[in-house]
Every structure is written in C-alpha cells, then in structure tokens.
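What follows draws every value from the coordinates through simple rules; no lab data is involved. Keep in mind that this is a model prediction, so the values were computed, not measured. Virtual Cβ from ideal backbone geometry, glycine too; neighbours counted across all protein chains shown.
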Amino acid sequence: MEFFKRGSRLSFAAGLPRLDRSTNAEQRIKRARWDIVQGFQMWELWSRLSLNEMSRRYKRTLLGPAWVTISMLIFASIMSFVWAGLWKQNVREFLPFLLSGLIPWTMISAVVGESTGVLLSGEGLIKNQQFPYTVLTYGVVARNFLIFVHNIFGYFVVALLCGVIFNSSLFLLIPGLLLVLANCVWMSLIVSILCLRFRDFQQIVVSLIQITIFVTPIFWKADQIQGGRALIVNANVIHHMIELLRAPLLGEVPASLSYVVCALSALLGWFLAYRLFTSKRHRLPYWF
Amino acid sequence: MAHIKLDHISVDFPVFGAAKNLRLAIIDGLTGGKILPKSFSSKVLTVKSLEDLSLEIKSGDRVGLVGHNGAGKSTLLRVLAGVYLPTSGQVDIEGRITPLLNQTPGMENEDSGYENIITIGMLLGMSLVEITTKADEIIEFSGLGDYINLPLRTYSSGMQARLGFSICTALKPGILLLDEGIGAADAQFAEKASRRVKDMVERTEILVLASHSESMIESMCNRALLLHHGRLLEIGSVDHVMKAYKKVQGL
C-alpha cells in the first residue's frame with residue numbers, strides 16, 4: 001500500500017511501484033492499482049491535456065470554445081422548432097426539455113466515442129515509458145465534462161428566456177453529476193481497452209451510439225412509451241444517467257429508481273473495469 | 001544504488017490478423033474452443049522477440065547492446081523501461097529510469113514549444129512545479145530563442161528534435177536507456193547534444209545503449225552484450241563482444 005500514499009506533488013516516477021521480485025501476477029495487480037489511483041492523482045496532467053485539446057480545437061477561431069455551446073444551441077433550436085410542430089407542443093416548453101437531455105447525452109456519448117481511440121493514439125507514449133495509462137481515459141472524461149459545463153451555461157440562458165422555474169432541486173445536479181462521471185470513467189476504461197485489442201469494437205461502439213440516441217428518451221418523453229415497450233426506457237441505463245441531470249435542470253426531482261440504477265451500474269461497471277484492467281493492463285503495450 | 005536484474009525473461013509478441021480477431025474470439029468463447037480445428041483456434045501466432053534472457057547490471061556499468069536489426073535490442077530496452085512486462089521470467093529494477101527511445105513522445109503540433117515542454121515534462125513524470133522551474137534551462141539548452149512561443153508546426157524537424165532532446169535530458173537519471181539516433185540533428189546541435197549525453201552518462205549510475213555504431217559503443221561503454229535472434233549470445237568486455245558480433249555478421 002505504500003505507493004498509494006505518495007502525493008500528487010511528487011512526480012509519479014517516485015511513486016512507481018518497483019519492478020521487484022514478486023511474481024508476475026502480483027506485479028500485474030499492483031501496477032494496475034497503482035495506475036488507477038496514481039493516474040487519478042495526476043489531475044494536473046490530465047486536466048492540462050484536456051484543456052490543451054480544447055484550446056487546440058478552437059485555435060484561430062473567433063469565438064473559441066463558445067462554439068461548442070453555440071452549435072448545440074443552433075441544433076437544439078431548429079430541432080425544437082420541427083419537433084414541437086410535429087407533436088403540437090410549445091417550443092418554449094420543448095426547447096429546455098430537449099436541451100436538458102441533449103447536453104448530458106452529448107457528454108456521455110462523447111466519452112464513450114472518444115474512448116474508442118484514446119489508447120490507440122497514445123501509442124508513442126505507451127511504448128516509450130511507464131506511466132499511468134488511466135491518465136488518458138481520465139482526460140477524455142475531463143474534457144467532456146468541461147464541454148458539459150460550457151453547455152450548461154448556454155442552457156441556463158435559454159431556460160431563463162423560456163421561463164423555466166428553477167428550485168432547490170437544482171442542487172441535485174451535483175450528486176447526479178458525480179454518479180454519472182463515476183459511470184463515465186469505467187465506461188471509458190473498458191471501451192478503450194477493448195477497442196485496442198479488438199479493432200472491430202470501434203465500429204460496434206460507433207453504431208451503438210447512433211442507435212442509442214433514438215432509443216433513449218432524449219427527443220421524446222419517457223412517459224410517451226407505454227406497455228411492454230416501456231422496458232426500453234426503464235432498463236436503459238443511459239436514460240437513468242440522463243434523468244439524473246435532466247430533472248434538476250427542469251426544476252424536478254429525479255426518480256429514486258434512476259439513482260439506484262446508476263449506483264448499481266457504477267458498482268458493477270467498476271468491478272468489471274477493475275477486473276479487466278488488472279488482468280490486461282500489462283498486455284496493452286503488446287497490442288499495437 | 002541502481003541495479004537491474006533480469007531472470008530468464010522471454011517476450012512474445014502476439015500477431016493479430018484482422019480476420020482472426022473478434023469473430024474467432026466469440027466463436028471460441030461460445031464453443032469452448034473445442035469444435036474448431038487446431039489451426040483455427042484462438043491461440044494467436046506469436047513472435048519470440050526475446051528468449052530466456054538472464055542478465056545482471058550493477059551501478060557503474062555502461063552497457064552497449066549490439067546485434068543486427070530485429071535481434072531484440074529495442075525490445076530489451078523497452079523491457080528495462082518498464083513498457084513491456086515480460087511474458088515469462090522476472091524483472092527486478094531499482095533506480096529512476098530515463099528512456100530516450102522515441103525522440104518526442106506526446107508532442108503536439110498546434111501547441112507552442114513552451115506548452116510542449118510543460119506537457120511532456122509532466123508526461124515524463126515531473127510535477128508542474130518541477131517542470132516550470134526547469135523550463136528556462138530547457139529553453140536555453142534547446143537554443144530555440146523566441147521560437148519557443150510559436151506553435152510546433154512552424155519548427156523544422158531539426159528544431160523539433162532539439163526541443164524533444166532538451167526536455168528528455170533535463171532530468172537526472174539513475175538508469176539511462178538510449179536508443180541510437182537520439183539528438184542527431186544539425187551538426188552544431190549534434191555536438192552540443194553529444195556533450196550533454198556524455199555529461200548525462202557520467203552522472204548516471206547505469207547506462208544501456210543500443211547502437212550499430214562500433215565507435216559509439218567503444219567510447220561510451222565498459223561492457224557489451226550481443227543479441228542474436230532474441231537470445232543473449234555473448235556478454236563481456238566491449239572488445240570481446242565486438243569480435244563475436246563481427247563473426248555473427250560474417251556468417
């Protein structure tokens with residue numbers, strides 16, 4: 001446990017578990033645990049990597065990262081105009097509803113989507129030195145969380161214009177975010193490892209994401225689906241994750257079922273991710 | 001005290017074919033791997049890169065690795081760097097490892113030279129404080145001057161190599177792993193770089209250098225080892241190993 005105690009101020013080379021004479025299996029587990037913990041402690045690095053990536057993306061643009069929010073708002077406005085017309089709803093009601101679902105969805109789907117290539121593009125680093133690989137996946141989550149924060153500000157402006165009334169349930173956004181992020185981290189880890197080993201996975205994940213946006217109540221309301229098909233909603237973990245963030249944004253309290261489902265999925269997901277990572281981390285450099 | 005001990009290590013690389021991947025892994029999982037004929041089983045083809053290699057390096061050793069292309073020099077360096085955990089056998093390494101294998105891992109073209117120094121320094125294991133205090137020294141050594149604030153894409157490849165070299169060599173290493181071809185850029189800098197490498201080599205406790213250049217190994221190393229098809233063929237004084245190397249090449 002000694003290596004867990006070293007602080008983030010110290011360089012990770014100092015906290016690196018020594019390659020010692022323990023058996024390879026012990027070595028493996030020790031290093032995987034070190035990777036997860038130390039990687040997280042290196043927040044200075046992964047937040048930097050994600051900030052850099054953000055500013056790179058919008059370098060030489062006039063509005064910079066505001067573009068993320070602007071394009072999201074344009075998309076949602078036009079979609080609301082059409083969909084509210086189709087379903088004979090009020091745009092002022094529909095737009096906040098759509099945005100409050102679309103913004104969490106964007107974060108979750110982008111985490112999963114970008115994780116497909118994160119280890120692959122880290123080849124130069126992974127084959128050069130030892131470092132906590134999880135730095136890369138934490139970076140993916142951090143970057144998309146940052147975009148989420150951008151978008152939320154845009155949402156508040158729109159919501160106030162549309163007359164959404166916020167109440168104390170808005171504070172539930174914080175525990176909701178923590179749960180969703182905990183889920184994002186394990187999803188990112190599992191997806192990135194599987195995509196490195198099985199290149200087909202990348203394609204599978206991409207098409208799954210495309211399907212999920214329609215199967216999940218983002219453009220439509222969960223109670224619009226009735227009977228047996230309601231299972232599509234109730235058994236959909238992504239729906240519950242979105243709900244944890246969407247409800248507070250609309251001045252409502254999320255269903256307790258959503259908290260239970262998200263907590264269980266975080267536990268189960270972390271268990272699986274931990275199992276996968278401890279047994280396969282040492283093989284990752286071999287898979288390029 | 002830095003030391004390296006390798007105990008009967010082997011490194012096998014899996015060779016994955018596109019077709020022999022997910023599909024067969026699934027079929028294999030469903031069938032328990034029994035129905036498919038042997039040639040179709042999910043047992044992936046492997047290439048032996050290092051085979052049953054044992055080795056001990058103590059503080060003060062400067063070891064030269066020789067061998068033809070594909071003999072396993074780079075793989076061995078990567079095992080020592082902790083990149084590859086061997087497929088079998090044990091590795092016991094003590095000391096701060098500085099790998100100079102790739103010239104510039106993690107360089108970003110759109111970022112300025114300074115930003116790259118900070119990011120790469122942190123990737124190499126320095127804390128933000130540590131790298132910020134070292135940045136001036138790195139900039140000065142790289143000789144990039146005002147270019148340091150421009151994006152990397154405006155640099156010539158020589159300038160990029162200079163920057164990468166300057167960052168990687170800013171740390172005091174316990175164990176220095178060098179792959180040949182590091183720091184070779186324009187002539188003036190190459191001289192400066194080789195002086196820095198020599199300086200580092202003097203300060204470092206252990207040096208492992210892979211090179212084809214006989215003169216480089218003779219001038220920098222006091223021991224050498226010869227790898228041939230992933231096996232350790234000879235180990236001993238530079239002279240002795242070089243003779244063996246020539247013999248192998250002659251065959």
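Taking the Cα centre of chain A as origin and assigning +1 to Lys and Arg Cβ atoms and -1 to Asp and Glu Cβ atoms, the resulting dipole is close to 920 debye.
The label-point distance for A:Met79 and B:Met1, in a model that sets each label 7 Å from Cα toward Cβ, rounds to 6.6 nm.
Computed log10 I(q)/I(0) for segment A:32-75 at 0.23, 0.28, 0.29 Å⁻¹: -0.77, -0.93, -0.95, from the Debye equation with unit scatterers placed on every C-alpha and solvent omitted. Full extension of the segment from B:Lys48 to B:Thr154, taken as 0.36 nm per residue of separation minus the current Cα-Cα distance, would add 34.0 nm.
Given B:Lys172/B:Lys198; B:Lys5/B:Lys73; A:Lys59/B:Lys134; B:Lys73/B:Lys246, which pairs have Cα atoms separated by over 21 Å? Cα-Cα > 21 Å for A:Lys59/B:Lys134; rest within. Taken over segment B:57-118, the convex hull of the Cα atoms encloses 150 Å³ per residue.
When the alpha carbon gyration tensor of segment A:79-118 is reduced to an equivalent ellipsoid, the three semi-axes, largest first, read 29, 9, 5 Å.
Remark: spin-label model distance B:Tyr114-A:Leu264 equals 5.3 nm, labels positioned 7 Å along the Cα→Cβ axis. Here the Debye sum runs over all C-alpha atoms of segment B:107-174 as equal scatterers in vacuum, and log10 of I(q)/I(0) at q = 0.12, 0.27 Å⁻¹ comes out as -0.25, -1.28.
Estimated purely from DSSP H runs of n ≥ 4, each contributing -39500 (n - 2.57), the mean residue ellipticity at 222 nm for chain A is -23500 deg cm²/dmol once divided by its residues.
Residue by residue along A:131-142, Cβ atoms of other protein chains within 10 Å of the local Cβ number 1 on average. Computed from the Cβ-Cβ distance with R0 of 56 Å, the FRET efficiency linking A:Leu86 to B:Ser10 stands at 0.30.
Considering every alpha-carbon pair of chain A, the percent of pairs per 10 Å bin, from zero through the bin containing the longest distance, is 6, 25, 32, 22, 11, 3, 0, 0. Legend: helices of chain A (whole DSSP H runs) are marked when their alpha-carbon atoms reach 27 angstrom or more along the helix axis and their mean Kyte-Doolittle hydropathy is at least 1.0; marked are A:66-86, A:91-118, A:134-162, A:173-197, A:256-280.
Over 5 Å intervals from 0, what percent of Cα-Cα pairs in segment A:108-242 sits in each interval? Bin by bin from 0 Å, the calculated values are 2, 9, 14, 18, 19, 15, 11, 7, 4, 2, 1, 0. Applying a DSSP loop filter and a limit of 14 other Cβ atoms within 10 Å to the trypsin sites (Lys or Arg not before Pro) in segment A:67-162 leaves A:Lys88.
Working note: Cα atoms of segment B:124-251, range along each principal axis, descending, whole Å: 53, 28, 24. Once you have a ≥ b ≥ c as the square roots of the Cα gyration tensor eigenvalues for segment A:57-182, tell me rounded if a/c is under 1.5, and otherwise prolate or oblate according to whether a/b is larger than b/c. Cα axes put segment A:57-182 in the prolate bin.
The spread of Cα positions in segment A:110-187, taken along each principal axis and listed from longest to shortest, comes to 54, 21, 16 Å. Pair-distance distribution of segment A:205-288: all C-alpha pairs, bin width 10 Å, starting at 0; shares per bin in whole percent are 15, 36, 29, 14, 6. The alpha carbon radius of gyration of segment A:96-136, expressed as a multiple of 2.2 N^0.38 Å, is 1.67.
Say we join alpha carbon atoms closer than 10 Å with springs in a Gaussian network model of chain A; which of A:Gly139, A:Gly101, A:Gly122 then has the biggest fluctuation? Of the options given, A:Gly122 has the highest mean-square fluctuation. Please give the residues of segment A:225-248, grouped as numeric ranges, whose backbone N is less than 12 Å from a label point set 7 Å along the Cα-to-Cβ vector of A:Ala255. Correct set: A:225-227, A:230-237, A:239-241, A:243-244.
Rg/Rh for the protein assembly as shown (Cα atoms only, Rh after Kirkwood) is 1.03. For segment B:70-139, a simple Cβ point-charge model (Lys and Arg +1, Asp and Glu -1, everything else neutral) yields a dipole of about 440 debye relative to the Cα centre. Counting Cβ atoms of other protein chains within 10 Å of each residue's Cβ and taking the mean over peptide A:200-209 gives 1. Based only on other Cβ atoms within 10 Å, what is the fewest-to-most ordering of A:His282, B:His212? So the residues, fewest neighbours to most, are B:His212, A:His282.
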